[in-house]
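*Asks:* Right, I'll just put the structure down here and ask away after.
Please treat every number below as a calculation from the coordinates, not as lab data. Since we're looking at a predicted model, the values are computed, not measured. Ideal geometry is used to build each Cβ from the backbone, glycine not excepted, and the neighbour counts take in all protein chains shown.
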Amino acid sequence: MTLGAFAQGSRFRRALVERRAIPFDYAFRFKFFDEKHETRSFVDQTLSATLTVSIEASFTAVSIGYGLIPRLRRIPFGLAEEEDLEVTSQDTLENPPRLPTGAEAPRRVISLLDMLSIRAPTSVTALTFATVTAPTHRVGLLANLSSEARAALIENVPPRRIQLGEMINALGRALGEREFAARGEIGAKTAFALQYGIRANPKVFRSFLLRGGSTPLPGEELAELFETVEAPAERIQFLYALHDQGTGRAFQSEPLLNVAGLGIDDGDRPFRSFAPPITFDPQTVIRLDVIPKSEFKGELHVVLHGYKVLGEAGTPTGRKLRPRRRARRVARP
Amino acid sequence: MIQSEQRGRRRPASHAVRGMPPRPTPGGMVIPYEYAAKFELTGQPGNVVQDVISITADGIFVAVGVGYGFKEERSRPLPIATAPGAPRIPAEITLGQLPPRALIEGFRVNPRSENMVFQGDLTPEQAATRRERELSTQNVPVELLNKTFERMKPVEPISFLFSVVDSGTGRELQDEPVHNLASLGKSDGERPFRLLAQPLSFLPRSTVRMQVIERTPDAVGTLFIVLYGYTVLAGSACPEPVVRSLAEIAAREAKPFGDRSRVIPFDYVAKFPLTGRPGNRLEDEVPITVEGGFVATSIGYGLASESEDVKLAWSRVRPWWQRRGLSVPGPLDQWLAPGPDDQVRAPLGDLPLLVFPSSALIDGIRIRPGYARIAFLSGGGLAEVSRALASEMFERLNRPEDVSFLYLISDTGTGRDWQNQPIHNIAGLGIADGKRPFKKLARPMVFQPRSTIRVRIEEHFGRGTLFLAFQGYKVLGAPPAGARR
């Protein structure tokens, strides 16, 4: 057998196909958040995405998977208000004066004033006393601060002296759980954040390192020295529908719930495989419609797993095999 | 016996030789099938219950795997008033009057007592779409009030011992009663189900006896043990050797469709609006298109429920009392004080049920586990919290992973059911949270063009839209070769 004849043979062709079949994934991406309106809901809105199979080869999809990159909103926090201070009765040398209301926050302010007058300034930096939300009596108390005391309060403090309790208080305030911080308790969101993780804010971290942690930070930097992320959605539910735009064919009778058609959202394998693989011709447009049914934020990736077979006829990667020539017979004279 | 099998094996070929009408191919005679045994568990460890599965006379059943699931009766009595007293309006009951265990584990309006708590009635469609209902202002006697609400026991794993006996041969399939976890796996329906080491054939009219010994206290409900596999249809008058030979042929799995170029993956979907009322029956029919037959290879399901958040309706309080010509009670008035939500604080125990959405009371509510330490004082009483915190402290019990129902699937084209009785979703389809792999049919089910898949559902727990997906493929053009019946 000649080499050319061998190349024409079915075995060789099979081997060629196997060699040129390369694993390939096509991905649809859906953005379920709006940078300008973070609170925007996408529930029951249909989002469509298309992809075009490349011209170089057909694509055979054997399974489908999905996952969500949650949009984790970063929440910076740090010592910024006097409420963040971890002030206990042990910190004061004498019993703090009692207020008629008996409220917790003013008591702590009084404690702070006592400390300022007796002790050196503690770990406190940029204080925003005259906040709108502050009770009037507290504003009044703080307005009576002497210029020296005010200066001492605003004076920056080395980050190394920040206590864990002060971080928890600041975290609770940033997460909207002031009332727990005021009572020296830990709220549910704060507890989750402590469990999920907090870290140094990368924006401020360089400045923090340059100072070695011993030199005070500017107030605005200390107020954002740490950061955490909000809790991701507990559940991801959406309807999906896959279409082949080229043939106009849908691959389901109606939009289907992700849990019923694709499986759990935590990526637990094996992925959902197609009963027979789907082969899409080159330049086929595949459309995926997604309708969220629960509230979640992030970027949804739906991936068709499969392979491409390079070298098929009619594609740029195809190689035309020249037809076998018949041996030229030369007529003998 | 051996001779019969050999003779039987030759017979199908001899029919063809004689030029008789061709015998249906195995692909057309084999249907996936499930036989379920039901056990009513009483929650008393040591109690022995048993059930018998009777194989139909239609054909031989080949079991390839075993699954199980427990349809637990989660509702427990929730007495509110321990002493006799004047009749009261259910909506005015406060959280402080409920036992702490009910707030932690969850409670709901007893579905049978909805007419005492709410006014009017809803259609199943309205109920499934969570339409809010008007609260009733009727006083309810104390005896009835104690039955108006029920505590919901959380879902817990179950433990039992079981044994299986093939009554036809008298053979036991284990040396002693085996533990469910050791032999069948987790009780939450995690797939894949336990596959039998060798497929087990049961001849027509044979019986399988199953015995269960309870081990979990307080687990009351119905246990389903399901043998899943396929039935080789042979007709009730078919001689036993022929039946055996057909089963052997069917054991060699045949592909219903040969030409893969005209085959496309396809999912048919059945949808059900679950109302959350136990015992409510729903039905859906999925028509197969005329363009080609459909082969179902596996089944997936999931419940699309709405958010678990409970938004408290503070605006409902004042009109409620005004309508009754009364002023808002003092403790409740604290909740309505003007001011930011995060600063207005009041005792949680004074919060009446009327501030909760009616749909949440029907679904069931509980204090979020992460908030329990905040809601309760060290002595077990309810703490004082802000209005903002109270609004985010509760969650509904209606979670997709807790959905519970019975299902029955049938092919209306042939009039055949796929199960011997309605089967619990966990036992027959597996875990409800969408964990893969999906429930694979022991044999692909072939549906002719224009036939319909009928699915009947009996609700037990859960509200929302239930999706049941038949995953498989469609063959375009000619009808499938293996679907002649």
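*Asks:* So if we plug the beta-carbon distance of B:Arg252 and A:Arg199 into 1/(1 + (r/R0)^6) with R0 = 35 Å, what FRET efficiency do we get, rounded to 0.05?
*Replies:* That gives a FRET efficiency of 0.05.
*Asks:* How would you rank B:143-155, A:231-243, B:195-207, highest first, on the average number of other Cβ atoms within 10 Å across their residues?
*Replies:* A:231-243, B:143-155, B:195-207
*Asks:* Related question: Describe numerically, in nm with one decimal, the distance between label points set 7 Å from Cα along Cα→Cβ at B:Glu291 and at A:Asp25.
*Replies:* About 3.0 nm, to one decimal.
*Asks:* At 0.36 nm per residue, minus the direct Cα-Cα distance, what do A:Phe33 and A:Val285 gain on full extension? Give it in nm, one decimal, please.
*Replies:* Full extension of this stretch gives 88.2 nm more.
*Asks:* Using modelled backbone amide H atoms (1.01 Å from N, in-plane), which distant-in-sequence or interchain residues come within less than 5 Å of B:Ile89's amide H?
*Replies:* B:Val140
*Asks:* What average count of beta carbons from other chains do you get within 10 Å of the Cβ of residues in B:466-473?
*Replies:* 5
*Asks:* Between their Cα atoms, which of B:Lys71/B:Lys271; A:Lys203/B:Lys311; A:Lys189/B:Lys311 are more than 26 Å away from each other?
*Replies:* Result: A:Lys203/B:Lys311 exceed 26 Å.
*Asks:* If you don't mind, another one. Where Lys and Arg each count +1 and Asp and Glu each count -1, what net charge lies around B:Tyr33 among other residues with Cβ under 13 Å from its Cβ?
*Replies:* Neighbourhood net charge equals -2.
*Asks:* Ok, one more. Rounding to the nearest 10 and keeping the result within 0 to 90°, find how far the Cα-based axis of helix B:2-17 lies from the longest principal axis of chain B.
*Replies:* 80
*Asks:* Another question, then. Pairs to check: B:Lys186/B:Lys440; A:Lys31/A:Lys308; B:Lys38/B:Lys186; B:Lys186/B:Lys435. Give those whose C-alpha atoms are more than 21 Å from each other in this structure.
*Replies:* The pairs that break the limit, which is 21 Å between Cα atoms, are A:Lys31/A:Lys308.
*Asks:* Compute the length gained on full extension between A:Leu210 and A:Ser41: take 0.36 nm times their separation in residues and subtract their Cα-Cα distance, giving the result in nm to one decimal.
*Replies:* Contour length minus Cα-Cα distance gives 56.6 nm.
*Asks:* Same structure again: R0 = 41 Å: FRET efficiency of B:Ala182 with B:Ala372, Cβ-based, nearest 0.05?
*Replies:* It comes out at approximately 0.75.
*Asks:* Taking every residue in A:261-271, how many Cβ atoms of other protein chains lie within 10 Å of its Cβ, on average?
*Replies:* The mean count of partner-chain Cβ atoms within 10 Å per residue comes to 5.
*Asks:* Roughly how many Å is it from the Cα centre of region B:286-305 to that of region B:203-252, as a whole number?
*Replies:* Cα centres, region B:286-305 to region B:203-252: 25 Å.
*Asks:* Multiply the residue gap between B:Leu195 and B:Asn139 by 0.36 nm, knock off their C-alpha separation, and tell me the result in nm, one decimal place.
*Replies:* Answer, rounded to one decimal: 14.5 nm.
*Asks:* How charged is the neighbourhood of A:Arg235? Take every other residue with its Cβ under 10 Å from the Cβ of A:Arg235, and add Lys/Arg as +1 and Asp/Glu as -1.
*Replies:* Neighbourhood net charge equals -4.
*Asks:* Also: Quote the FRET efficiency, to the nearest 0.05, computed for A:Glu234 versus A:Glu254 with a Förster distance R0 of 30 Å and r equal to the Cβ-Cβ distance.
*Replies:* 0.70
*Asks:* Taking every residue in B:94-105, how many Cβ atoms of other protein chains lie within 10 Å of its Cβ, on average?
*Replies:* The mean count of partner-chain Cβ atoms within 10 Å per residue comes to 0.
*Asks:* Continuing with this model, one more query. If you plug each phi of region B:298-309 into the Karplus form 6.51 cos²θ - 1.76 cosθ + 1.60 with θ = phi - 60°, what whole-Hz ³J(HN,Hα) values come out, in order, with x for Gly and Pro?
*Replies:* Karplus values, whole Hz, x for Gly and Pro: 7, 10, x, 8, x, 10, 8, 10, 7, 4, 7, 5.
*Asks:* Using helices alone, what [θ] at 222 nm do you get for chain B, with -39,500 (n - 2.57) per DSSP H run of 4 or more residues, divided over all residues and rounded to the nearest 500?
*Replies:* -4500 deg cm²/dmol
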